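Asks: My questions all concern the structure below.
The values are calculated or read from the model by the stated rules, or taken from the named source; none is laboratory data. Just so it is clear, the model here is predicted, and its values are computed rather than measured. Methodologically, a virtual Cβ is constructed for each residue, glycine included, from the backbone with ideal geometry; neighbour enumeration extends over all protein chains shown. These accessible areas exclude ligands, DNA and RNA; they are computed on the full protein's heavy atoms, side chains included. Shrake-Rupley method; radii C 1.70, N 1.55, O 1.52, S 1.80 Å.
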Amino acid sequence: MTLFELLGLGGKGWGAFLLLATATTLAVTATALAIGAVAGAAIAAAKLSGSVPLRLIGHVYTTVFRGVPELLIIYLIYFGGSSGLTAVGRWLGYDGFLGLPSFAAGALAVGIISGAYQAEVFRGAFHAIPRGELEAAMAIGMPRRLRFRRIIVPQVLRFAIPGLGNVWQLSLKDSALVSVTGLVELMRASQIASGSTRQYFLFYIVGGALYLILTSLSDRVFNTAERRANRSMSASTIGGA
Amino acid sequence: MDFAFLSSTMVTLIRALPTTLVLFSLSILFGGMLALLITAMRVSGIRLLSGFARAYIFVFRGSPLLIQMFLVFYGLGQFGVIRYSFLWPFLREPMVCAVLSLALCTAGYTAEIFRGGIRAVPAKEIEAARSVGMSGFLLVRRIIAPIAFRHALPAYSTEIVLMMKSTALASLVTVWEVTGVAQRLISQTYRTMEVFLCAALIYLVLNFLILQAMNLLEYSLSRHRRPFAPGLRA
Amino acid sequence: MPGETRLSVRNLRKSFGTHEVLKGISMDAQDGDVISVLGASGSGKSTFLRCINLLETPSGGEVWVDGEQIRMLHGRSGSRPASRAQVDHIRSELGMVFQGFNLWSHMTILQNVIEGPVHVLKRPKAECIAEAEELLAKVGIADKRHAYPAHLSGGQQQRAAIARSLAMKPKVMLFDEPTSALDPELVGEVLRVMRALAEEGMTMLVVTHEMSFARNVSNRVVFMRDGIIDSSGAPEDMFGAGASPAFRQFIGHFGNPQ
């Protein structure tokens, strides 16, 4: 088979297979980022709170999930989740083995890891809000919730964009490890294609190139978002508007 | 809590610790050397070299380590040139492949960290060195490198911890380090949580030790920032 | 209504740890009063202002705003307000202008000004915008309403911050060294806005180093020293023969203002 046939979109080509897997990689990463945003916001809130036990929980979470190999965490969620599910099934009267779907397990595992990094991003962003702006909100009589919604959240999101860009890149690469659960994302697809054609070098290069396209495109997206969000901050637009 | 199980798991995992440590130290060593080379190319001012360094950094930072590792492990053997070369007995070894790909990958990240350190060297201090007649390698060795390394140290500590975590991937090319053994134990016993806790503890202790060592290094390199203490001078 | 007490402070005390910053301050502001609070740095004048709207929690004493007392709980572990809702309500009746402007950097000037009326007072947005544009015209920056704070000079930002406070229709305006962070050539534009406010009859409490404002605009001068009120009175008396020795020494550093 020629190179063109191997990578073709139709017939015996692996092109469509790889592109579909690329979409799966994006879907896993996006889901993980969303899970991580929720976890990260909660952990950041815990670490910023006045309560000692909450701060300790936050600290343990970020230390463990940033310090333990990602692969180990994927095993924990995939195998641990499946035995948990099986136990629940048994309790409900079903005796067989219940596996956690690999997409869910992968997105959850990468999401939990991403949450640890996002928590640090959110915490840094919160500290970047000028204290005086929070005081001005208090002084005008804003209740706590309103202050959170109108002053804190918009500013945290703005300051967090570059950090979230880094976390996205990290999660995109971590998602390759989800291949161990059998989910056919880009990494697993490259393995399958290279294994069945014996063209290891070719398909790992193609897989790697697709990852490079994903990372550089997303880099561009985050840069644009950062520029947009910071339009109100730069003095360069004086008189230009 | 089943302490008998926990302790036997711990013993099994610790038997795999030397493998993890070998993977870690070799890849940090070779990766560091390669990173120096790439950094030198990147800041050389020669377009061809800096272009190559830029591409290297882009490729190794932009794609997952696992795919790089599989490329080395499965991809290289495909070529007759390599298969029949004197290197093959080496490159056939999973351990060599794992160290090679870990080192190649960390070199990309580390080169970028070193470059950041170099950019933080104040131009005035380089001028001052030139004014006393330093240039070339002497200037780099005596002035630029020490200052740059001090600036790069915090980011480099983070990279080293990330490398410790990355050694886990070697298990996927059949090197039985701590995470690989943990996975095997999980699939044999189905006691995921206990095995995870033991393995996690090992990594957390390793990270802690690394960070302590790096802090110590940072402290000993920052004498110029501490208040002068006569008599403490070694 | 003139003669009505807008703000009343009784025996206000504040400590940070063992350090007592305010040692019992009492003061009343009637409707239309413009009171300048003077004092060296560290005399507690900013802390005093910040205790009135509870940006700092007083350790003891009473604060009354327009006849309503801020309810406090004084326990062994410290003091705290009895009701957050009451604090928010009182704060909405007190305008505060900060040394560092503290405009919300993610909002345009107009958005800054309507934020309080729309979201705290829950008034119709169109009405708030109309009023905000009037206020911005009054402080002389109507053309900047769609600019972001970072695009304005310090003097313009402070005038915007004054407009933001006025939009809440406050009963008393508190100014915490409003011109101290400004370049000298920008001080005048802010003082002119404050003088116009005073002439309209706004009740104002102004912590300042601007002796000319204290002397020519305010109707009462309060001099603080080491956490107590050293002396107070009409500017003619304070800057004239009736000055206390400490105040005389204090204004000596500034030259004699006109």
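Asks: Translational diffusion coefficient, Stokes-Einstein: compute it for chain C using the Kirkwood radius over C-alpha pairs as Rh, at 37 °C and 0.692 mPa s, and state it as an integer in µm² s⁻¹.
Replies: 174
Asks: Another question, if that's okay. Can you check what the Kirkwood hydrodynamic radius comes to for the protein assembly as shown, Cα pairs only, in Å to one decimal?
Replies: 30.8
Asks: Follow-up question, since we're still on this one. Once phi is turned into θ = phi - 60°, what whole-Hz ³J(HN,Hα) does the Karplus curve with 6.51, -1.76 and 1.60 give for every residue of the stretch C:46-58, x standing for Gly and Pro?
Replies: 5, 4, 4, 4, 6, 6, 5, 9, 6, 5, 10, 8, x
Asks: A further question on this structure: Using a 1.4 Å probe on the heavy atoms of the protein chains only, list every residue of the stretch A:194-211 that has 30 Å² or more less accessible area in the complete assembly than in its chain alone.
Replies: Going by heavy-atom accessible area, the residues of the stretch A:194-211 that drop by at least 30 Å² are A:Tyr200, A:Phe201, A:Tyr204, A:Tyr211.
Asks: Have a look at the stretch B:47-96 and report residues whose accessible surface goes down by 40 Å² or more when the remaining protein chains are included, against the chain on its own, probe 1.4 Å, ligands and DNA/RNA excluded.
Replies: B:Phe58, B:Gly62, B:Pro64, B:Leu66, B:Ile67, B:Phe70, B:Leu71, B:Tyr74, B:Gln78
Asks: Determine the relative contact order of chain B: mean sequence separation of Cα pairs under 8 Å and six or more apart, normalised by residue count, in whole percent.
Replies: 27
Asks: Looking at chain B as a GNM with Cα springs under 10 Å, which of B:Leu17, B:Leu87, B:Leu201 has the largest mean-square fluctuation?
Replies: Answer for the Gaussian network model of chain B: B:Leu87.
Asks: So what are the stretch A:7-154's ellipsoid semi-axes, whole angstrom, largest first, if each one is the square root of 5 times an eigenvalue of the alpha-carbon gyration tensor?
Replies: The answer is 38, 23, 14 Å, longest axis first.
Asks: Shifting gears a bit: Can you give the log10 of the normalised intensity I(q)/I(0) at q = 0.13, 0.18 Å⁻¹, computed with Debye over equal Cα scatterers of the stretch C:33-89?
Replies: -0.38, -0.69
Asks: List the pair-distance distribution P(r) of the stretch B:78-234, using every Cα-Cα distance, as the percent of pairs falling in each 10 Å bin from 0 up to the bin containing the longest distance, rounded to whole percents.
Replies: Bin by bin from 0 Å, the calculated values are 9, 23, 26, 21, 14, 6, 1.
Asks: Could you list which residues have their amide H under 5 Å from that of C:Gln69, counting only those 5 or more apart in sequence or on another chain, with H placed in the peptide plane?
Replies: Those lying under 5 Å, H to H, from C:Gln69: there are none.
Asks: In terms of Cα to Cα distance under 16 Å, which aspartates and glutamates are near enough to C:Lys122, apart from those fewer than 8 places away along the same chain?
Replies: C:Asp88, C:Glu93, C:Glu131
Asks: Averaging sequence separations of C-alpha pairs under 8 Å and six or more residues apart, then dividing by the length of chain A, give the relative contact order as a whole percent.
Replies: Relative contact order, chain A: 24 percent.
Asks: Can you give me the long-range amide H partners of C:Asp33? Hydrogens built in the peptide plane at 1.01 Å from N, cutoff under 5 Å, separation of 5 or more residues or another chain.
Replies: C:Met204
Asks: Then there's this: How large is the dipole of the stretch A:131-221 about the Cα centre if only Lys and Arg carry +1 and Asp and Glu carry -1, each at its Cβ, rounded to the nearest 20 debye?
Replies: Dipole size: approximately 400 debye.
Asks: Can you send over the carbon and sulfur percentage of the accessible area for the stretch A:27-119, probe radius 1.4 Å, protein chains only?
Replies: Solvent-exposed carbon and sulfur of the stretch A:27-119 make up 76 percent of the total.
Asks: Shifting gears a bit: Using the Karplus equation 6.51 cos²θ - 1.76 cosθ + 1.60 (θ = phi - 60°), what ³J(HN,Hα) coupling, rounded to whole Hz, does each residue of the stretch A:152-168 give in order, writing x for Gly and Pro?
Replies: In residue order, the calculated couplings are 6, 4, x, 6, 4, 4, 5, 5, 7, 4, x, x, 5, x, 5, 5, 4 Hz.
Asks: Additional query: Hey, what do the phi angles of the stretch B:9-15 turn into as Karplus ³J(HN,Hα) couplings, whole Hz, using 6.51/-1.76/1.60 and θ = phi - 60°, x for Gly and Pro?
Replies: 4, 4, 4, 4, 5, 5, 4
Asks: Could you do me a favour and compute the accessible area per residue for the protein assembly as shown, 1.4 Å probe, result in Å²?
Replies: Roughly 48 Å² per residue, with all protein chains present.
Asks: Name the residues whose placed amide hydrogens come within less than 5 Å of the amide hydrogen of C:Ala147, ignoring near sequence neighbours (fewer than 5 apart) on the same chain.
Replies: The answer is C:Ile109, C:Leu110.
Asks: Keeping every protein chain in place, order A:Leu170, B:Leu169, B:Leu29 by accessible area at 1.4 Å, biggest value first, i.e. largest first.
Replies: So, going from the largest accessible area down, we get B:Leu29, A:Leu170, B:Leu169.
Asks: Could you give the distance between the Cα centres of the stretch C:51-116 and the stretch B:35-59, to the whole Å?
Replies: After rounding, the separation between the Cα centres reads 57 Å.
Asks: Among B:Leu216, C:Leu205, what's the order by accessible area (1.4 angstrom probe), most exposed first?
Replies: From most accessible down to least: B:Leu216, C:Leu205.
Asks: When Lys and Arg each count +1 and Asp and Glu each count -1, what net charge do the other residues less than 12 Å away from C:Gly3, Cβ to Cβ, add up to?
Replies: Here the count lands on -3.
Asks: I've got another one for you. Taking Cα centroids, how far is the stretch C:135-204 from the stretch A:199-221 in Å?
Replies: 55
Asks: Quantify how strongly other chains surround peptide C:96-104 by giving the mean number of their Cβ atoms within 10 Å of each of its Cβ atoms.
Replies: 5
Asks: Taking each residue of C:146-158 in turn, how many C-beta atoms of other protein chains fall within 10 Å of its C-beta, and what is the average?
Replies: Going residue by residue through C:146-158 and averaging, the value is 3.
Asks: Could you tell me the total accessible area buried at the B-A interface, probe 1.4 Å, in square angstrom to the nearest hundred?
Replies: 3100
Asks: Any idea how far the Cα center of the stretch A:63-79 sits from the one of the stretch B:176-192, in Å?
Replies: Taking the Cα centre of each part, the stretch A:63-79 and the stretch B:176-192 sit 13 Å apart.
Asks: Sticking with this one: What is the percent carbon and sulfur in the accessible area of the stretch B:41-128, measuring with a 1.4 Å probe over the protein chains and ignoring ligands?
Replies: Of all accessible area on the stretch B:41-128, carbon and sulfur atoms account for 67 percent.
Asks: Would you mind giving the mean number of other chain beta-carbons within 10 Å of the Cβ of each residue in B:194-204, as a whole number?
Replies: For peptide B:194-204, the averaged partner shielding equals 4.
Asks: First select every other residue whose beta carbon is under 15 angstrom from the beta carbon of C:Ser59; then total the charges, Lys and Arg +1, Asp and Glu -1.
Replies: It works out to a net charge of +4.
Asks: On to the next question. Who wins for biggest fluctuation among A:Trp14, A:Trp91, A:Trp168 in a Gaussian network model of chain A, springs between alpha carbons below 10 Å?
Replies: Sorting by GNM fluctuation, first place goes to A:Trp91.
Asks: Enumerate the aspartates and glutamates that C:Lys14 could reach by cross-link, defined here as Cα to Cα under 15 Å, with residues fewer than 8 away along the same chain left out.
Replies: Leaving aside aspartates and glutamates fewer than 8 places away in the same chain, those within reach of C:Lys14 are C:Glu56, C:Glu62, C:Asp226.
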